[in-house]
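Q: A single structure is presented below for examination.
The values are calculated or read from the model by the stated rules, or taken from the named source; none is laboratory data. All values derive from a computational prediction rather than experimental measurement. Please note: Cβ atoms are built from the backbone with ideal geometry, for glycine as well, and neighbour counts cover all protein chains shown. Ligands, DNA and RNA are stripped out before the accessible areas are found, and what is left, the full protein with its side chains, is counted by its heavy atoms. Shrake-Rupley method; radii C 1.70, N 1.55, O 1.52, S 1.80 Å.
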Amino acid sequence: MTDYKNLKLIASSSPHIRSEEDTRSIMLDVIIALLPALLMRVYQFGSWSFRALTLTVCSVAGCLFWEWGYRKLMKKSMALGDLSAVVTGVLLAMVCPVTLPYWMILVGSFFAIVVVKQLYGGIGCNFLNPALAGRAALTAAYAGAMTTWLAPDATYPAFGSADIITAATPLAIMKEGTAESFAELTNTYSLGDLFLGKIGGSLGEAPALMLILGGIYLLVRKVISWHIPVAYIGTVAAVCLLSAPAGVGAAEYMAYNLFAGGLMLGAFFMATDYATSPVTRLGQIVFGVGCGLITCFIRRFGSYPEGVCYSILIMNCTTWLLDKYIRPTIYGALRREKKEAAAK
Amino acid sequence: MAQSFFGGVHPDDKKSATRAKPIETLEAPAEVVIPMSMHIGAPCKPLVAKGDTVQLGQRIGEPGGFVSAPIHASVSGTVKAVEPRPSSMGGKVLSVVIENDFQNTISGEVKPVADPGGMTPEELVEVVRNAGIVGLGGATFPTHVKISSALGKADYVIINAAECEPYITGDHRTMLERPEQVIGGATLLAQCFGVDKVYIGIEANKQDAADVLNREIAKTGAPVAVEVLHTRYPQGAEKQLCQAISGRQIPSGKLPADAGCCIFNVSTACAIYRAVYEGMPIVSKVVTVSGSGVIEPKNLECPIGTPVAKLFDACGGLREDTYKLIMGGPMMGMAQYDTEVPVGKGTGCMLAFAGDEEQYVSDPQCIRCGKCVGACPIRLEPIFMYKYLMKGDRETFEHKLHGMDCIECGACTYICPARLPLTHAFRMGKQQVQADRMAAKARAEAEQKKEA
Ligand code: SF4
Ligand code: SF4
């Protein structure tokens, strides 16, 4: 019979079991969910594929390096294994032009990891989405390089040549918001092109199909809840249906607005970023609706064709407010109020 | 109709190891150690001394107050010692050690009630009190106090058969094997409270038990209804069960009776049945012995005071690489480091975990995923409670975040991907708040004295 005296027992406080899911597995799931879209898009870039791939690798490596360097320098615990820096790296690459010089993406990753994330205390403490903040910083610093969008069928320039075949992104084409500009867009790209990613733009702007599949994967794995993406996409859809320019089919207008630009990437992968979105379900819905309204506003009236990035960054700044004022009603509180009312 | 409660988690129920195993009676040990405190409330005063002969069912501990319950000898034999012994609650507790004579001589005190059907509520309360019945689901609150404080207030009488903690199957087996006791106990409670129906709440993963109980109800025409509930932790917590069955919420800081509900564990109902129809007080307990460290998991019925080592012996022993022993379920049970601690009235499960140890995260970082908020059945915000406790801000924890309403169910800690020790922090925080309150009270009293 076992001699129980020899057992090496540990004592700890309940609960004694934990769910399988940990920070690392969540980040891994996000990476898995991004891969189909990323790979399909990289493939579609044809002779630019290699560049797209190396830019992504460079971005990831940059993020990992900055994270490592900062925590080493500050003598803080190392958590590269949680893969959160990898997610930031992939997302940053996906919101930048494929043609971006390597050193620029390293600057972007520095800004994302060190300035936005680590200076505030590391994972979970930042209030802005690191990848989007990185992109915003790059756009402010290198506006030209950050708006050079490759045409879908561009060929990689021969050695020594600097000619890059560029194209306007779908949203830029319909920026004016008139029936004519919309007609130009529908002539350039079909909805199918958008859906399958045969458009100019960043790595992450398409293919909508794969991004939606990735989003569904995250929902099924319970990494994200439906509240933010549904509220966000739903708001954009509703606003577009109601505000289609005269002479344009509302449904078609809405569909183009949904599948063009960074909406799918933003709604499923960026607005849902844990650290920078509210923790309560109701707060998340308000957050999503806010993102949707601001996105539509910027697309329509702003000076940029795309509003996803800034709308999420703006809503990021309201997260603490939403968390402060939108609080769950605790169990037993309802009755308490009723009782007090009855007592009066 | 069965409704739902807020939040909750779905841990792997791990019940298959013992679900199909009938309750076995453990061979009584040569010696039992019966602690004089196995309930919430005042400890008992021993009624016997070293050298006394005791009989099975004889009262050996006199309640130390109203909120207390008597304690009985679980075997017949000789008192070997009355001394402090290690207890499952940590530290040592005054205990009566009885050497078993293996005669099972039943005490003359054990007498069934002559006319169970004609009992008044007061009579039932008295029987329950004398039988030393306490909340056998683990809460161990004296049942006679619960009944008398809820009489006249409760219109919902609920039997808790949710058994929502993973691994545990003792209640499940009890319902399958002893439906007459469950339904009989429930009928007594219906009679006592004067309600038309007593509700038995069962999780959907025990449909077979619900069927058996329903057959018994059909056979006897008992005023009992079985409600099949979602399988979700913590379905069996009082507040959550109350919400799921009656749709009512127990006001913060109040008792179920304040919401018109009175809840009894299914094994408590069986104990009431046995006390009335057999006159037998609480002398034994059904314990599920399971977990990866146990060679052959089982459901065992053993005398109160059996050292847990004997339970493991009966299950083929433990694996060499067992690293944790837990009394109770894995979500709320207490880790043990001594296999000599005895089975008490509230012990429903003994677990041994072996193999790969849990990985501790040395510097856990909250990633703000909000999963804890979604999981909390009280709808608290564990993420912020933890944050403020870590800052030492108990004021915000207590008042703004309602930290004192935490039921320490462990759902938030279970789900937290960053592995923050949330529940542990709340337990400590609540204790500190209590201590602060006591200190403040003492200060106020001292000042009053000074002024007077
Ligand atoms: S579950 Fe853990 S990591 Fe997520 S918000 Fe709550 S405390 Fe933070
Ligand atoms: S332990 Fe407390 S805070 Fe955590 S889920 Fe349970 S009741 Fe909520």
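Q: Placing unit charges on C-beta atoms (Lys and Arg positive, Asp and Glu negative, everything else neutral), compute the dipole magnitude of segment A:23-146 about its Cα centre in debye, rounded to 20. List each step's numbers first, then the result.
A: Numbers: 9 positive and 3 negative charges, 47 e Å.
Computed charge dipole of segment A:23-146: roughly 220 debye.
Q: Shielding of A:267-275 by partners, i.e. mean partner chain Cβ atoms within 10 Å per residue? Mind dumping the intermediate values first?
A: Working: counts 0, 0, 0, 0, 0, 1, 2, 8, 4.
So the per-residue partner count for this stretch is 2.
Q: A follow-up question, please. If you take the square roots of the eigenvalues of the alpha-carbon gyration tensor of segment B:184-275 and sort them as a ≥ b ≥ c, do you get rounded (a/c under 1.5), prolate (a/b over b/c) or oblate? Walk me through the intermediate numbers first.
A: Numbers: a/c = 1.90, a/b = 1.25, b/c = 1.52.
Taking the square roots of the gyration eigenvalues as a ≥ b ≥ c, segment B:184-275 is oblate.
Q: Hand me the tally of lysine pairs in segment B:378-452: alpha carbons under 25 angstrom apart, and the pair either on different chains or 8 or more positions apart.
A: 10
Q: Please work out whether segment B:246-319 counts as rounded, prolate or oblate from its C-alpha gyration tensor, where a ≥ b ≥ c are the square roots of the eigenvalues and a/c under 1.5 means rounded, while otherwise a/b larger than b/c means prolate and anything else oblate? All intermediate terms of the calculation are to be shown ahead of the outcome.
A: Working: a/c = 3.47, a/b = 1.72, b/c = 2.01.
Note, shape of segment B:246-319 comes out oblate.
Q: What span do the alpha-carbon atoms of the protein assembly as shown cover on each of the three principal axes, reported in whole Å from largest to smallest?
A: Largest to smallest, the principal-axis extents are 105, 68, 58 Å.
Q: Could you pull the accessible area for B:Cys412 with a 1.4 Å probe, rounded to 10 Å²?
A: Here the residue's solvent-accessible area equals roughly 10 Å².
Q: If you plug each phi of segment A:108-121 into the Karplus form 6.51 cos²θ - 1.76 cosθ + 1.60 with θ = phi - 60°, what whole-Hz ³J(HN,Hα) values come out, in order, with x for Gly and Pro?
A: Values, residue by residue: x, 5, 4, 4, 4, 7, 7, 6, 7, 9, 6, 4, 8, x Hz.
Q: Using every Cα-Cα pair within segment B:283-433, state what percent have a distance larger than 22 Å.
A: Percent of Cα pairs beyond 22 Å in segment B:283-433: 50.
Q: Can you give the average number of partner chain beta-carbon atoms within 10 Å of each beta-carbon in peptide B:412-422, as a whole number?
A: Values: counts 1, 7, 6, 5, 5, 13, 7, 4, 0, 2, 1.
Going residue by residue through B:412-422 and averaging, the value is 5.
Q: If you don't mind, another one. Which three extents, in whole angstrom, do the alpha-carbon atoms of segment A:155-226 cover along their principal axes, largest first?
A: Rounded to whole Å, the extents work out to 46, 40, 18 Å.
Q: Along its principal axes, what span do the Cα atoms of chain A show, with the longest given first and each in whole Å?
A: For chain A, the Cα spread along each principal axis is 76, 61, 41 Å.
Q: Can you divide the C-alpha Rg of segment A:23-146 by 2.2 N^0.38 Å and report the result to two decimal places? Could you put the intermediate results ahead of the total?
A: Working: Rg = 14.0 Å, N = 124, 2.2 N^0.38 = 13.7 Å.
In units of the 2.2 N^0.38 Å rule of thumb, it is 1.02.
Q: While we're here: When a/c reaches 1.5 or more, the comparison of a/b and b/c decides; with that in mind, is chain B rounded, prolate or oblate per its Cα gyration tensor?
A: Numbers: a/c = 1.28, a/b = 1.24, b/c = 1.03.
In terms of gyration-tensor shape, rounded.
Q: Still on this structure, please answer the following. Just tell me how shielded B:369-380 is by partners: mean number of partner chain Cβ atoms within 10 Å of each residue's Cβ, no decimals.
A: Numbers: counts 12, 11, 8, 1, 8, 6, 1, 3, 1, 5, 8, 4.
So the per-residue partner count for this stretch is 6.
Q: Could you name the lysines whose alpha carbon sits less than 24 Å from that of A:Lys72, not counting residues in the same chain fewer than 8 places away?
A: A:Lys117
Q: Here's something else I'd like to know. Please list, in order along segment A:191-202, the HN-Hα scalar couplings obtained from phi with the Karplus expression 6.51 cos²θ - 1.76 cosθ + 1.60 (θ = phi - 60°), rounded to whole Hz, x for Gly and Pro.
A: Result, rounded to whole Hz: 4, x, 4, 4, 5, 9, x, 8, 9, x, x, 7.
Q: Taking the square root of 5 times each eigenvalue of the Cα gyration tensor, what semi-axes in Å does the equivalent ellipsoid of segment B:87-211 have, largest first? All intermediate terms of the calculation are to be shown ahead of the outcome.
A: Working: eigenvalues 133, 101, 57 Å².
Three semi-axes, in Å: 26, 22, 17.
Q: A follow-up question, please. For B:Lys45, give me every one of the lysines with a C-alpha distance below 20 angstrom, ignoring sequence neighbours fewer than eight places off in its own chain.
A: B:Lys80, B:Lys92, B:Lys345
Q: Can you tell me which of A:6-19, B:227-240 comes out highest on packing, and rank the rest after it, using the mean Cβ neighbours within 10 Å?
A: B:227-240, A:6-19
Q: Given 10 °C and 1.306 mPa s, compute D for segment A:168-324 with the Stokes-Einstein relation, Rh being the Kirkwood radius over Cα pairs; round to the nearest whole µm²/s.
A: Numbers: Rh = 15.5 Å.
Translational diffusion coefficient: 102 µm²/s.
Q: Could you tell me the accessible area of A:Phe182 in Å² (1.4 Å probe, neighbours in place), rounded to the nearest ten?
A: Solvent-accessible area, nearest 10 Å²: 10 Å².
Q: Further question: Would you mind checking the radius of gyration and Dmax of segment B:116-277 based on alpha-carbon positions, in Å?
A: 14.2, 41
Q: Please give the solvent-accessible surface of B:Leu241 in Å², to the nearest 10, using a probe radius of 1.4 Å with every protein chain present.
A: Only protein atoms counted, so the area is about 0 Å².
Q: Please compute, over every Cα-Cα pair in segment B:371-451, the percentage with a separation greater than 16 angstrom. Walk me through the numbers before you get to the answer.
A: Values: 1641 of 3240 pairs.
Of the Cα pairs, 51 percent sit more than 16 Å apart.
Q: Leaving out same-chain residues fewer than 8 places away, which aspartates and glutamates sit with a Cα under 17 Å from that of A:Lys222?
A: A:Glu20, A:Glu21, A:Asp22, A:Asp29, A:Asp273, B:Asp12
Q: For segment A:1-78, restrict the atom set to alpha-carbon positions and state the Rg and Dmax in Å.
A: Cα only, segment A:1-78: 22.0, 70 Å (Rg, Dmax).
Q: On alpha carbon coordinates alone, what is the Rg over Rh value for segment A:121-252, Rh being the Kirkwood radius?
A: On the way: Rg = 17.9 Å, Rh = 17.7 Å.
Ratio of gyration radius to Kirkwood radius for segment A:121-252: 1.01.
Q: Ignoring ligands, DNA and RNA, what percent of the 1.4 Å accessible area of chain B is carbon and sulfur? Could you put the intermediate results ahead of the total?
A: Numbers: 9160 of 17610 Å².
Answer for chain B is 52 percent, counting heavy atoms of protein chains only.
Q: Could you pull out the trypsin sites (Lys or Arg not before Pro) across segment B:264-347 that fall in loop regions by DSSP (anything but H, G, I, E, B) with no more than 16 other Cβ atoms inside 10 Å? All intermediate terms of the calculation are to be shown ahead of the outcome.
A: Numbers: sites: B:Arg274, B:Lys285, B:Lys298, B:Lys310, B:Arg319, B:Lys324, B:Lys345; in loops: B:Arg319, B:Lys345.
Here no loop site has a sparse enough neighbourhood.
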